[in-house]
Structure formats: structure tokens, C-alpha cells
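The structure under discussion appears below in the form of C-alpha cells.
Quick note: the coordinates plus some simple rules give every number you see, no bench work behind them. These figures come from a predicted structure and were not determined experimentally. FYI the Cβ positions are ideal-geometry reconstructions off the backbone, even for glycines, and counts take in every protein chain you see.
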Amino acid sequence: MAELEINDQIDLGKRDGAGENSSMLKGVIILEALAALQQPVTLAQLMQITGMPKASLHRTLAIFEEAGLVAREPGGRTYAPGERLSKLAMATLTHDTVSAVRHSILRKLVADLGETCNLAILRRGELFYLDRVEANWALRLHLPPGTVLPPHCSASGKLLLAFKPPEERARLLENLPLEKFTHRTITDHHLLESELERIVTTDYAVDNEEYVLGVSCVAVPVRDASGEVVAAIAVHAATARLPLNQAMEHIPKLKEAATRISHTLS
């Protein structure tokens, strides 16, 4: 009898453990859905994607919201990734193991080109430098990893905007203040949209002294395993040393490095 009771307790523990594992996996599915959709989603949409009942989904979202993993948009009807989840994603991207590989790819690129190169992503509507390797020149622009820039005046920023899904790109452009930094900065929304269309067609972007006079930049996309553009790799230099037309000659090498970095994302 005692042996039967012990076995019953073990079976119950297994069932409880399976239930906990199932709940954890469902929680991961919710977070994956929020990250993949790239726009705020309703409870009904999440129910359809996850297959979870309304009460269970609502309860899980409430827990995630309290933990900072999920944030409710103004009005409370849609959900988006929270600040804590965004930080977790950023920590994953800069994890020592993979970031060391990407850094070595950048260092080799800088050695080949003789100019500063960087790797950047678009985060919360701003260009964010994940990594950067400086060339050994006295005349250079100091923008260390972690620096953020407005996307409309940088090659990488414009490229990452260009490859956003149309609806998301339209929302970003609608709310983007097109601050003027030089007389070359694009401050007209229609001109910027035309520039983004050109970037999608040519698969590269340029900064023709649009952020700092005397400095130009060329950027190409970094794609993940599904082909989605998730980052940009770029070279920039003083135009006195490397005019824009010469910088564009480096596009093939930039694309080779972008392909190698893509392999670190799989």
C-alpha cells in the first residue's frame, strides 16, 4: 500500500512537471510571436497564433507584463515586446561567443579595406552600433559600440529602414523627425521614401556627407537564415581620403563580410 502511494506521488510529480514544461513552452511561443510579428498584436491575434485559451493567455501576458517582458501599447488593446525582452535580445546578439566571431570578421574587413567598419541594427527607430573596428587613421569619426544615431542621415540606418515591411516602414517614417545635420541631409519624407526604394533595388545604401560634412559611408545588408535583413555592415571614411565613388568599390568585400556574419546568426 505504501509502495502504491509512493508511485502515485511520483506519477503526480511527473504530470505536474510536464504541465510546467508545457506552460513554459507556451510562454516561449508567445514571446516568439511578439518578436516575429514586428508590430503590436491583439489578444485575439495571439490566441489564433498560439492556440491558447483566452483566460490562460491573458494570465500569462499579465505575468510577462509585470516582469517587463511584454508591454501593453497605449489604449491597452495590443501587446509588444517589453524593455526587458529587448535587453535580452540585445544581450544575445552581443554574447561573447558569437560577438567575438563577428568582431574578427570586422577586423579582417578593416585590414582589407584600410578603413573603419561597423555592424549596426535598428532599435526603437534609432540606428544602434553593435560593433565597430577603427582603422589606424588620425582623422576619423569616433562612434563606439552602443552609439545611437538617427537613421535617416546614415547609410546603415537608411538601409535598415528600406528593408522593413511596408506597414512598419510607413509608421516609422511618419513619426521620424528628419533633423538636418548638413546641407546634404534628406529632410523631405517623399525624397527619403524615393531613396529607400532605390536602396531596395540596388541592395546597398550610401551616406553622402549627410551626417557629418567630409565623411561618407557605404552599407550593405546582413540577412538571417530566412533572408530577412536584420543588420547592416558598413565602411566609412573621410572623403578627402576615400571619396564616395571609391568607397562604393568596396561593396563586393562588404557583401562577403555580410555573408560571413549572416552565418553567425543561424
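Values computed for the structure shown
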{"read-out": "Extension gain from R72 to N245, taking 0.36 nm per residue of separation minus the Cα-Cα distance", "value": "57.7 nm"}
{"read-out": "Rounded to whole Hz, the Karplus (6.51, -1.76, 1.60) HN-Hα couplings of the range 214-220, x for glycine and proline", "value": "x, 10, 10, 8, 10, 10, 10"}
{"read-out": "Trypsin sites (Lys or Arg not before Pro) restricted to the range 163-245 and DSSP loop, no more than 16 other C-beta within 10 Å", "value": "K180, R184, R241"}
{"read-out": "Nearest-0.05 FRET efficiency for L191 and I63, computed from C-beta distance (R0 35 Å)", "value": "0.15"}
{"read-out": "Residues E134 and L25, FRET efficiency given R0 of 35 Å [Cβ-Cβ distance, rounded to 0.05]", "value": "0.20"}
{"read-out": "Inter-probe distance in nm under a simple model that places probes 7 Å from Cα toward Cβ, at R198 and E168", "value": "2.5"}
{"read-out": "Directionally averaged projected area (convex hull, Cα atoms, the range 196-266), nm²", "value": "4.9"}
